[in-house]
Amino acid sequence: MRIVSLLPSTTEIAYALGLGDSLVGVTHECDFPDAARSKPIVTRSVLDHSGATSEEIDHAVRQQLRAGLSLYDLDTARLAQLAPDLILTQALCDVCAVAYGQVERAVRDVSAEYAGLAPQVLSLEPNSLDDVLATVATVAAAAGVPERAEALLNEWRTRIERVRAVGARAAQPPRVACLEWLDPIFGPGHWLPELVEIAGGRAGLGTKHQDSRRVAWGDVIAFAPEVIIMTPCGFDLAHTIEEARSVLPNRPGWHVLPAVRQGRVYAVDGNAFFSRPGPRIVESLELMAE
């Protein structure tokens, strides 16, 4: 089995399932575990985000999508050279990874040019925590090792239930605002509000199992969060802290929010944890609870 992963999360899933040796290609963003960095890279970002603010990135992304252009290039020549049996991808978000339609076109082109090359394309669209866990079993089955998922999932479910039991003891769940983008403000979506609830909080500014959405600053003020967790998608911890210090204190009413007054504003590495629906989503929940 030769596997190409077009998502950092599925790269992590492959390694968690002991399929690292089968992984023959990854994306430019696949950085965990360290062994993934040595794999052939089949994608690149069209936009240069180095040093850009969240406002600048948001503007560039919207402009690219309005023009009907992709945010990523897929190296079809290298894909053909790698000759995968299985390609792991997604149709959940065109901002986070190569668009599903782009992958389909590349596979058609490669299959037409190289006789006998017809990889299976497995698209994963997790919206909930259960969905994230299910993708592990789905990848294991597609790779021909379904038995490897069982032990992993049993361990992860035990850890999830341990957090749930502690969270359920919260007498008065705090109002928790997870910010998936800082300028403009985006509230939490997909599995993130669910993590807040399991960890013992009351999520606001978003709807679980739905897309993350832009919210007005007035909505943040009205929600009056008692805990703020900054989880910008694609930002590491240092970038998140730098951006938060630059943007948030300048917003009207920031300093009177309960979370700010009580010193309960947290920055996390959203790129590595909360935004990546793979094995570290369980660790994300444990971070949330802590």
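Every residue in the range 217-233 that is open to solvent by 50 Å² or more (accessible area, probe 1.4 Å) and either touching a helix residue (DSSP H, G or I) at 6+ places or on another chain (Cβ under 9 Å) or not assigned by the TED database to the domain that holds Pro258 (or both), please.
Ile221
Would you call Ile185 within 17 Å of Ile57 (Cα to Cα), without any contact (Cβ under 8 Å) to a residue 40 or more places away in the chain, open to solvent by less than 30 Å² (accessible area, probe 1.4 Å) and not assigned by the TED database to the domain that holds Leu47? Let's see the steps before the verdict.
Values: within 17 Å of Ile57 (Cα to Cα): yes; without any contact (Cβ under 8 Å) to a residue 40 or more places away in the chain: yes; open to solvent by less than 30 Å² (accessible area, probe 1.4 Å): yes; not assigned by the TED database to the domain that holds Leu47: yes.
Yes.
What residue, among those in the range 63-85 that are open to solvent by 80 Å² or more (accessible area, probe 1.4 Å) and not basic (Lys, Arg), is nearest to Tyr100 (Cα to Cα)? Can you show your working first?
Within the range 63-85, the subset open to solvent by 80 Å² or more (accessible area, probe 1.4 Å) is 63, 66, 69, 78, 81.
Next, only the ones that are not basic (Lys, Arg) stay: 63, 69, 81.
Details: Gln63: 20, Leu69: 13, Gln81: 20 Å.
Here the answer is Leu69.
Six or more apart or on different chains, Cβ under 7 Å: which pairs go from a residue in the range 160-173 that's among the β-branched types (Val, Ile, Thr) to one that's open to solvent by less than 100 Å² (accessible area, probe 1.4 Å) and not in a loop (DSSP other than H, G, I, E, B)? Could you list them?
Hits for this filter: Ile160/Ile198; Ile160/Val282; Ile160/Leu285; Val163/Ile198; Val163/Leu285; Val163/Glu286; Val163/Ala289; Val166/Ala289.
Under the condition of being touching a Gly at 6+ places or on another chain (Cβ under 9 Å) and within 17 Å of Ile281 (Cα to Cα), which residue from the range 126-157 is most open to solvent (accessible area, probe 1.4 Å)?
First pass over the range 126-157, keeping only residues touching a Gly at 6+ places or on another chain (Cβ under 9 Å): 127, 132, 135-136, 145, 148.
Going one step further and asking which of them are within 17 Å of Ile281 (Cα to Cα), we end up with 127, 132, 135-136.
Details: Asn127: 43, Val132: 2, Thr135: 11, Val136: 3 Å².
Looking at the filtered set, the residue picked out is Asn127.
Which residue, of Ala259, Ala222, is without any contact (Cβ under 8 Å) to a residue 12 or more places away in the chain and more than 18 Å from the chain's Cα centre (by Cα)? Even if it seems obvious, please write down each step before you answer.
Numbers: Ala259 fails: without any contact (Cβ under 8 Å) to a residue 12 or more places away in the chain.
So the residue among Ala259, Ala222 that is without any contact (Cβ under 8 Å) to a residue 12 or more places away in the chain and more than 18 Å from the chain's Cα centre (by Cα) is Ala222.
Of all the residues that make up the range 220-268, how many are among the basic types (Lys, Arg) and within 30 Å of Glu29 (Cβ to Cβ)?
Quick first cut of the range 220-268, residues among the basic types (Lys, Arg) only: 245, 251, 261, 264.
Okay, now just the ones that are also within 30 Å of Glu29 (Cβ to Cβ), so 245, 251.
Of the residues in the range 220-268, 2 are among the basic types (Lys, Arg) and within 30 Å of Glu29 (Cβ to Cβ).
With a cut-off of at least 1 residues that are closer than 24 Å to Ser45 by Cα and among the polar types (S, T, N, Q), name the helices (runs of 4 or more DSSP H) lying wholly within the range 204-290.
Working: elements: 217-223, 237-247, 258-261, 281-289.
Answer list for the range 204-290: 237-247.
Which residues, counting only those in the range 16-35, are of a type outside the set (S, T, N, Q) and in a loop (DSSP other than H, G, I, E, B)? I'd like the intermediate steps shown before the answer.
Step one: list which residues in the range 16-35 are of a type outside the set (S, T, N, Q), which gives 16-21, 23-26, 28-35.
Hits for the range 16-35 are Leu17, Gly18, Leu19, His28, Glu29, Cys30, Asp31, Phe32, Pro33.
Output the number of the condition that Ser50 fails; it satisfies all remaining conditions of (1) open to solvent by 70 Å² or more (accessible area, probe 1.4 Å); (2) at pLDDT 95 or above; (3) within 20 Å of the chain's Cα centre (by Cα).
(2)
Looking at Leu179, Leu195 in this structure, which one is touching a helix residue (DSSP H, G or I) at 6+ places or on another chain (Cβ under 6 Å) and buried (at least 22 other Cβ atoms within 10 Å of the Cβ)?
Within the list Leu179, Leu195, the selection yields Leu195.
The values are calculated or read from the model by the stated rules, or taken from the named source; none is laboratory data. Please read all numbers here as calculations on a predicted model, not as lab measurements. When we count neighbours, we look across all protein chains shown, and the Cβ atoms used for this are built from the backbone with ideal geometry, even at glycine. The area values use the complete protein model at the heavy-atom level, side chains included, leaving out ligands, DNA and RNA. Shrake-Rupley method; radii C 1.70, N 1.55, O 1.52, S 1.80 Å.
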